[in-house]
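> Pasting in a structure now, in structure tokens, and then I'll have a few things to ask.
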There are 2 protein chains.
Amino acid sequence: MAINSCKFFSQTESKYACFSFLLLCTILFTSLSAPAQKLSPKKMDAMVARQMLPALEELKDYVSIPNDAVNPEDIQENVQWAEKAFAKRGFQTSVLKNARLPLFLAEMSFPKASKTVMFYFHLDGQPVRADEWQQEDPFRMVLREKGADGAYEDINWNLLQSTINDEWRVFGRSSSDDKGPIIMLLQALDMLQSERQSPPFNIKVVLDPEEEKGSPGLKETLEKHKDRFQADYLIVMDGPMHASNIPTLTLGCRGSVGFTLATYGPITPQHSGHYGNYAPNPGFLLAKVIASMKDEQGRVLVDGFYNGIAFDEEALKVMAAVPDNKEEINARLVIAEEEKVGNNYQESLQYPSLNIRGMQSAVVGKGAATIVPDEAVALLDIRLVPETEAKRMVSLVDSHIQKQGYTVLNHAPTTEERLRYPQIVFMQSSGGTPAFRTDVNAPISVWLRKALANSYKKEPVVIRMMGGTVPVVSFVQALDVPAVLVPLVNVDNNQHSPDENLRLGNLRMGMKTCLSILTSPI
Amino acid sequence: MAINSCKFFSQTESKYACFSFLLLCTILFTSLSAPAQKLSPKKMDAMVARQMLPALEELKDYVSIPNDAVNPEDIQENVQWAEKAFAKRGFQTSVLKNARLPLFLAEMSFPKASKTVMFYFHLDGQPVRADEWQQEDPFRMVLREKGADGAYEDINWNLLQSTINDEWRVFGRSSSDDKGPIIMLLQALDMLQSERQSPPFNIKVVLDPEEEKGSPGLKETLEKHKDRFQADYLIVMDGPMHASNIPTLTLGCRGSVGFTLATYGPITPQHSGHYGNYAPNPGFLLAKVIASMKDEQGRVLVDGFYNGIAFDEEALKVMAAVPDNKEEINARLVIAEEEKVGNNYQESLQYPSLNIRGMQSAVVGKGAATIVPDEAVALLDIRLVPETEAKRMVSLVDSHIQKQGYTVLNHAPTTEERLRYPQIVFMQSSGGTPAFRTDVNAPISVWLRKALANSYKKEPVVIRMMGGTVPVVSFVQALDVPAVLVPLVNVDNNQHSPDENLRLGNLRMGMKTCLSILTSPI
């Protein structure tokens, strides 16, 4: 079923009639419905079960529109689909232009609501290379069941008419990242509407057109239309749930700043026979600089690196409660021991990290030569937490290197400098992306934890702060609004790879989570 | 003048006549000539001056035959040229076959000589890419003079008929490396013959056909024909003179052994956000391993690395006498300070060196990703001296790494090993090439130092042991004969690059050096 047709009217009827119907829907939803009343978990489950097929049909339809943001005309089609889908649910829709691709905004107010909750999704997807996929067309969603050998095999879509198995999956680009979650919210709104209820808050929905490209236009749109984005809470529905597949809330994410280190040997590579023991090798200097930064357990030795980081009891409780399995994680990474920065996996992500992304001096493998190389380079990144601002952290590292007795330059050394300073370290950093973290005890956190606990009859997994950095951070920072990530899809969804998929059990749970939020008093 | 024609006979005369003439020359040289008598430096200079034009003509002729050993038919032509050239001087020539390219051997005995001196050269050259040369054909030798702007400009070859300027140069592949030195010896023999003298020792001359490819066939030829290579002394005439361009003797060269080090992180690269502070980064481990091996002044910290190395007074005197200019070397390398292994450049080359040839972990520059890499790799080499045998040195490094608390494996770790040992270092070494060094006070060293000192009225530069490794080392080792390198060409001859050249002053000096050796009582 295509959502962008008004099935109640025949083809011969006018556009006007279609528009009138949408208007009627809106009026019904916004005026005639009563504020949401608590629904029992059992009732919710029944409602969601009935909504599975329509949800799958709507997702299939949305997935069918290619959405790599390198093709603006594809993004435009995705925006048009959203305009119709949200208008049908009674939203007022806007397409906010900027120098990049337009941002989609949908808004709906309810008479008795005083607060506004903004939901963030993105409508673009990762690029696809069709030949790497198991299916012919990554945009034609297929239904699959796990076979005896563990591989997923196609099954007929029509089987969904009679039964829906939670372990089946639908495969297609953006089925999980991030069209699946959009559909979950839309379908939850439909369920609410069918109960003649309205949410206890006003809703704004943002669909980012370029999240997979780092959301380059988000900042400009925000500056131009700041008033349109006013909200009390921001809910980001993107990314996978905790590996346990228990309903998850993520209260923040680390930021990041990258920097380059380079050291120098002779001005051009020299014969290692003629100059070995004479020309200084830049690899040894780079190794000394890097080796000085961490101890054998992975703890950073740069003075002040961990300053200001502390956990209160609730935070410690929340982190300890996350059902991470160290043995399972280490076995998957095939490591004997993890670094010893935190007492557990979650704790380790609450600290800034210092990581070498890459390192190079001359050539290893084919083309290697018996030389003293001219240069050695390392790229590092620091994952930031709210207590550790990018500029300060880079400056701490700079000071640390100087304290070891090396000369730090923020530019490639001149001939004069090379002749003057025996141990030069070039260091240059990017601007960085800040971290954000909403307090475990903040009203939005308490509200969402309660909503999920009530519906699932157990506490959600609460991630105090995830380790990675998501582009939406700059949005969160600019709006200065309490934000929480509510991830809905299965962790093994292959979101940036071929064979992206959504587990039907996660579609079911995701719709229930949306319904829980939409009916939870704020 | 082409040497491979008998200019005393017209074209109509038979091959037999030509052969008869060669035979006559041989008889004259070997039987009628008297043992060499000391020639005064002045006399030598006059003889060499007369020989410059014939030498240049013969070199031009030899250079005209392409000699990249990837083309066996070119090497065959070069061997045929040598057969004629040496036969003309009275040598008995042989072409010793092996699975690779044939080795050329020329022998000549003299009745009153009791000792045999073997001369080693190579007839192959580095590959050429004609478009990178200033001249049309790298095998058509051209004469050039330095212009006002410092660049060399073509001058007419016929200018040589009237005057020969030592600062002029001839350009062509193998003009210096190593056909120039072959011609110098041949012309010195001609000079001696014109004086009706014969050398005070028997002569063997080896022309290696694949030196630029690492002399892969040398060992096999030697094993097959060991008796043919018996000699008392070996003189290697290859490579450039000391930068001062003072007559040079090199008494040995360092050997080398390479090894690979690798360290491991997670089994596949992981997101540096999700696993930064948890998954160990292989770059830090590699940096720690490498940083532990050298101090800030470049001295190796591996126990026993410098064991057994000592200099007697003569060695110290010889090394201190080499006119190296530290300021000039450092300015050329653009380094503020050299490593502090030896008290001067020559001394530093008498110790084994530890060098990083290359280093890599993931990617820097284009394609760099925010990951914890799975692996970090470094290629190192140790330049060996006679006191430090390859296997022992590699094992010292192995022990050193283990002493730091790391697990050293000589194979890529299995999954089981990765899960068992937290800090694995993979280490694997090549077989290595040994060093050789002939004592400063050995008879061959004393003989050659005296020969050169007498002719030039000043002490030659004596390099106790050069830093690099030359393929002829395995030949020296296998023959177990006292060997000395007598380099004859200018240091700036571009020997492995486009625009290879020979300075005419060096051709003159080289012929004089050969004449000095050929007339020096043994």
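> Which condition number does B:G468 fail, the rest of (1) in contact with a Gly (Cβ under 6 Å, 6 or more places away or on another chain); (2) in the same structural domain as B:D227 (by TED's automatic domain parsing); (3) modelled with pLDDT of 95 or more being met?
It fails just one condition, (3).
> Only one of A:T93, A:T12, A:T26 is modelled with pLDDT under 65, closer than 29 Å to A:T116 by Cβ and out of contact with any His (no Cβ under 6 Å at 6 or more places or on another chain). Can you tell me which?
Testing whether each residue is modelled with pLDDT under 65, closer than 29 Å to A:T116 by Cβ and out of contact with any His (no Cβ under 6 Å at 6 or more places or on another chain) leaves just A:T26.
> Moving on to the next point. Suppose the filter is more than 14 Å from every other protein chain (Cβ to nearest Cβ) and surrounded by fewer than 24 Cβ atoms within 10 Å (Cβ to Cβ); does A:A231 pass it?
It is true that A:A231 is more than 14 Å from every other protein chain (Cβ to nearest Cβ) and surrounded by fewer than 24 Cβ atoms within 10 Å (Cβ to Cβ).
> Out of everything in region B:456-486 that is out of contact with any helix residue (DSSP H, G or I) (no Cβ under 8 Å at 6 or more places or on another chain) and touching a residue at least 60 places away in the same chain (Cβ under 8 Å), what residue ends up being farthest from the other protein chains (Cβ to nearest Cβ)?
Taking the candidates together, the pick is B:K458.
> Okay, next question. For region A:480-522, which residues satisfy the criterion of being of a type in the set (D, E, K, R) and either part of a helix (DSSP H, G or I) or surrounded by 22 or more Cβ atoms within 10 Å (Cβ to Cβ) (or both)?
Answer for region A:480-522, where residues must be of a type in the set (D, E, K, R) and either part of a helix (DSSP H, G or I) or surrounded by 22 or more Cβ atoms within 10 Å (Cβ to Cβ) (or both): A:E500, A:R503, A:R508, A:K512.
> Please list, ordered by residue number, the strands (runs of 3 or more DSSP E) wholly in region B:133-193 having 2 or more residues that are touching a strand residue (DSSP E or B) at 6+ places or on another chain (Cβ under 6 Å) and not hydrophobic (A, V, I, L, M, F, W, C).
B:142-146, B:152-155
> Would you check which residues across region B:79-105 are touching a Lys or Arg at 6+ places or on another chain (Cβ under 8 Å) and surrounded by fewer than 20 Cβ atoms within 10 Å (Cβ to Cβ) and list them?
Matches in region B:79-105: B:S94, B:L96, B:N98.
> To continue, here is another question. Among the residues of region B:389-408 satisfying the criterion of being more than 13 Å from chain A (Cβ to nearest Cβ) and outside any helix (DSSP H, G or I), which is farthest from B:M466 (Cα to Cα)?
My answer is B:V408.
> Just checking, how many residues over region A:226-238 are farther than 14 Å from A:D208 by Cβ and assigned to a loop (DSSP other than H, G, I, E, B)?
Result for region A:226-238: 3.
> Regarding B:L234, is this residue of a type outside the set (F, W, Y) and under 30 Å from the mean Cα position of the chain (by Cα)?
Answer is yes for this residue.
> A follow-up question, please. Can you name every residue in region B:409-444 that is surrounded by fewer than 19 Cβ atoms within 10 Å (Cβ to Cβ) and of a type in the set (V, I, T)?
Result: B:T414, B:T415.
> Additional query: Would you check which residues across region B:267-276 are part of a strand (DSSP E or B) and of a type in the set (S, T, N, Q) and list them?
B:Q270
> May I pose another question? Helices (runs of 4 or more DSSP H) wholly in region A:277-388 with at least 1 residues that are within 8 Å of chain B (Cβ to nearest Cβ) - which ones?
Once the helices (runs of 4 or more DSSP H) in region A:277-388 are filtered for at least 1 residues that are within 8 Å of chain B (Cβ to nearest Cβ), what remains is A:282-291, A:326-333, A:345-348.
> Follow-up question, since we're still on this one. Of all residues in region A:264-274, which are facing another protein chain (nearest Cβ under 7 Å) and either under 19 Å from A:A376 (Cα atoms) or in contact with a Ser or Thr (Cβ under 9 Å, 6 or more places away or on another chain) (or both)?
If the condition is that a residue be facing another protein chain (nearest Cβ under 7 Å) and either under 19 Å from A:A376 (Cα atoms) or in contact with a Ser or Thr (Cβ under 9 Å, 6 or more places away or on another chain) (or both), then A:P266, A:I267, A:Q270, A:H271, A:S272, A:G273 are the ones that fit.
> Has region B:124-143 got at least one residue that is of a type in the set (A, V, I, L, M, F, W, C) and under 20 Å from B:L234 (Cα atoms)?
no
> Kindly provide the set of residues from region A:244-263 that are more than 9 Å from chain B (Cβ to nearest Cβ), in a loop (DSSP other than H, G, I, E, B) and buried (at least 24 other Cβ atoms within 10 Å of the Cβ), ordered by number.
The answer is A:P247, A:L251.
> Quick one: how many residues across region B:448-465 are surrounded by 20 or more Cβ atoms within 10 Å (Cβ to Cβ) and more than 18 Å from B:G510 (Cβ to Cβ)?
2
> Being assigned by TED's automatic domain parsing to the domain that holds B:G298 and among the polar types (S, T, N, Q) is the requirement here; does B:Q423 meet it?
yes
> Whether any residue in region B:76-84 is more than 20 Å from B:T513 (Cβ to Cβ), small (G, A, S) and modelled with pLDDT under 95 is what I want to check.
Checked against the condition, which is being more than 20 Å from B:T513 (Cβ to Cβ), small (G, A, S) and modelled with pLDDT under 95, region B:76-84 yields no hits at all.
> Looking at B:L59, B:L101, B:L105, which one is within 25 Å of the chain's Cα centre (by Cα), in a helix (DSSP H, G or I) and not small (G, A, S)?
So the residue among B:L59, B:L101, B:L105 that is within 25 Å of the chain's Cα centre (by Cα), in a helix (DSSP H, G or I) and not small (G, A, S) is B:L59.
> Are there any pairs with C-beta distances below 7 angstrom linking a residue in region B:417-440 that is assigned to a loop (DSSP other than H, G, I, E, B) to a residue that is among the basic types (K, R), with the two at least 6 apart or on different chains, and if so which?
Partner pairs satisfying both residue conditions: B:A435/B:R254; B:V440/B:R464.
The values are calculated or read from the model by the stated rules, or taken from the named source; none is laboratory data. Since the model is a prediction, treat every value here as computed from it, not as a measurement. Cβ sites come from the backbone with ideal geometry, for glycine too, and all protein chains shown count toward neighbours.
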